[in-house]
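Every number here is computed from the coordinates shown, using simple stated rules; none is lab data. Please read these numbers as outputs of a predicted model, since none were measured by experiment. Methodologically, a virtual Cβ is constructed for each residue, glycine included, from the backbone with ideal geometry; neighbour enumeration extends over all protein chains shown.
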Amino acid sequence: MFFLRRAKPLPGPEDALPGRSQEMPLSEPHQVLGSSLRGPFEPGLERAVFAMGCFWGAEKAFWNLPGAHTTAVGYAGGHTPNPTYQEICSGATAHTEVVLVVYDPSRLSYAKLLQVFWEGHDPTQGMRQGNDVGTQYRSAIYSYSEAHQQAALASKELFQQRLSQAGYGSITTEIRTAPPFYYAETYHQQYLARNPDGYCGLGGTGVKCPASPLVNE
């Protein structure tokens, strides 16, 4: 997962790889939770998508939360339909590595997901996380409702205040309505459950994030 190079600029739709119409084949079920990765999901469950660097460690952080129904890693935020890992690493798809979290809001709040997101990585680094450099490592929150969108923006402001007090720069996280989510290859799914000693390059700043005032606990 190491790409020690300067990140390329994001390509526009006309410059991105063409991709394909076929969805990525997956092995089921979730290696830890035993749930389906694709669904269909039960009524009442909600979705969230986060990008915080290498998706192996990011997924583990979310599947460990009580109330998480399933998690899956994939690609989002770019132009290429159903990309492969090699394609997104080329920088020619504009996708970033993301984690889909399907959760029970009666047991796990969106505010808690936001705290795990902000505290689990350094959102001020642009197209990188630590030694992982590339467009696929940029930070993002993709929301499925206006309430979640506003909560994410409010939490960004609160966390920025804490980061600035600690001497960090400006948050570069992209926050917008969820674009299409494309599942990554099976060998990436729950990678650290399959490979307990596998690489995880995530590291937070040590700064604590207050809960967003716009989301019920």
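For K156, go through the aspartates and glutamates and keep the ones whose alpha-carbon is under 16 Å away, minus same-chain ones fewer than eight residues off.
E119, D122, E146, E174
Quick one: net charge of A16's neighbours, Cβ under 14 Å, K/R +1, D/E -1?
-1
How about the range 29-96: which chymotrypsin sites (Phe, Trp or Tyr not before Pro) there lie in a loop by DSSP and see at most 15 other Cβ atoms within 10 Å?
Within the range 29-96, the qualifying chymotrypsin sites (Phe, Trp or Tyr not before Pro) (loop, at most 15 other Cβ atoms within 10 Å) are F41.
Which lysines have a Cα lying under 17 Å from the Cα of K60, excluding residues fewer than 8 positions away in the same chain?
Straight-distance partners of K60: K112.
Between Y144 and E28, what is the label-point separation in nm under the 7 Å Cα-to-beta-carbon projection?
Using points 7 Å along Cα→Cβ, the separation is 1.6 nm.
First select every other residue whose beta carbon is under 15 angstrom from the beta carbon of E146; then total the charges, Lys and Arg +1, Asp and Glu -1.
+1
Could you work out how much longer the chain between C200 and R38 gets when fully extended? Use 0.36 nm per residue separation minus the Cα distance between them, nm to one decimal.
Gain in length upon complete extension: 55.9 nm.
Suppose only helical runs count, i.e. DSSP H with n ≥ 4. What mean residue ellipticity at 222 nm does that imply for the chain under -39500 (n - 2.57) per run, divided by all residues and rounded to the nearest 500 deg cm²/dmol?
-6500 deg cm²/dmol
Once fully extended, how much extra length lies between D104 and E157, figured as 0.36 nm per residue of separation less the alpha-carbon to alpha-carbon distance?
16.5 nm
Going by how many other beta carbons lie within 10 Å of each one, how would you line up V98, V116, V133, fewest first?
V133, V116, V98
Please state the shape class of the range 100-217: rounded when a/c is under 1.5, otherwise prolate if a/b exceeds b/c and oblate if not, all from the C-alpha gyration tensor.
The shape class here is oblate.
Could you put C54, C200 in order, starting from the residue whose Cβ has the fewest other Cβ atoms within 10 Å?
Ranked by crowding around the Cβ, least crowded first: C200, C54.
Over the alpha-carbon set of the range 9-72, divide Rg by the Kirkwood Rh and report the Rg/Rh ratio to two decimals.
1.04
Arrange the peptides 101-109, 171-179 so that the one whose residues have, on average, the most other Cβ atoms within 10 Å appears first.
101-109, 171-179
Taking the Cα centre as origin and putting +1 on Lys and Arg beta-carbons and -1 on Asp and Glu beta-carbons, what dipole magnitude results for the chain, to the nearest 20 debye?
400
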